[in-house]
Amino acid sequence: MAIQTDGYTFALSDEVMRTPVRPIWMTTATSVSGHQRATGPGLVVAAATVLALLATSGCVADGSPSPAGRGTTGTGDATDPTAAAPSSTAAPQEDAVRIRLSIGDQEATATLEDNPATRDLASLLPVTVPMGDLFGREKPGPLPRALTGEVEPAFTYRIGQIAYWPPSHDIVVVYEGDGLQVPSPGLVPLGTVDTGLDVVAAAGNDFDMTIAVLD
């Protein structure tokens, strides 16, 4: 059975429906003095209490929660999906390492690339390397040890190129033969001569070259 009041519909259970209810005029109560009196208003209060309990439970005729039972937590304010995320600032790139190539009282300058092999080379500096000449194209010289670090090799000569030849652990300065092919395994790029390439080219076939970080 359903009871409708104030716009809400409440379902009474079968147990409640099976409980006999006396008419108001038949309902009595015993007073302190032992006399019986009618309790019509008391029954009205009891009925109102039942309705209040049903409303509090949030039950309606279809078994779904009443509007009072539907709720959300928080303030309900939606988060703006377009709100700007905290901006991240990339770390500034370190300045390129510049080096000096000293031959006697003359010198050239160069800029190193930023890769694992050049960082390993920088850990050796200053270093003096005995240099020679190969095919009138490059000045090679053996470093004290092999350089470490995986770097994509170059397979083309470029004038002004400073590179590393892994098979003999040589540092190489290219002064001629631009565009010629480099045999396998290729040259590991280290840097580029900025000034004084003519000093290196004219140094001959047997000379010492000191490599140091440029102050």
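Rule-based calculations on the coordinates, nothing more; no lab input. Note that the structure is a prediction, hence the values are computed from the model and not measured. Cβ coordinates were reconstructed from backbone atoms using ideal geometry, including for glycine residues, and neighbour counts include every protein chain displayed.
Kindly rank 101-110, 199-208 from highest to lowest mean number of other beta carbons found within 10 Å of each residue. Present the calculation step by step, with values, prior to reporting the outcome.
Numbers: 101-110: 17.1, 199-208: 15.3.
The most tightly packed comes first, giving 101-110, 199-208.
Determine, from the Cβ-Cβ distance of ASP105 and THR148 and an R0 of 30 Å, the FRET efficiency 1/(1 + (r/R0)^6), rounded to the nearest 0.05. Intermediate values should be presented prior to the final figure.
Details: r = 33 Å, r/R0 = 1.11.
E(calc), rounded to 0.05, equals 0.35.
At what distance in nm do the modelled label points of LEU134 and HIS169 sit from each other, each positioned 7 Å from its Cα along Cα→Cβ?
The answer from the label model is 1.6 nm.
Through the Karplus equation 6.51 cos²θ - 1.76 cosθ + 1.60, θ set to phi - 60°, convert the phi angles of segment 201-215 into ³J(HN,Hα) values in whole Hz; use x for Gly and Pro.
Values per residue, Gly and Pro as x: 4, 8, 6, x, 9, 8, 7, 9, 10, 9, 10, 8, 5, 6, 5 Hz.
Please identify which residues in segment 147-184 have an amide N closer than 11 Å to a label point set 7 Å out from the Cα of VAL127, following the Cα→Cβ vector.
Flagged as within label range: 147-148, 164-165, 169-172.
Once amide H atoms are placed 1.01 Å from N in the peptide plane, what residues at a sequence separation of 5 or more from LEU190, or on another chain, have their amide H within under 5 Å of its amide H?
ILE162, ALA163, TYR164
Arrange the following residues from fewest to most other Cβ atoms within 10 Å of their Cβ: PHE155, PHE135.
Values: PHE155 12, PHE135 8.
Result, fewest neighbours first: PHE135, PHE155.
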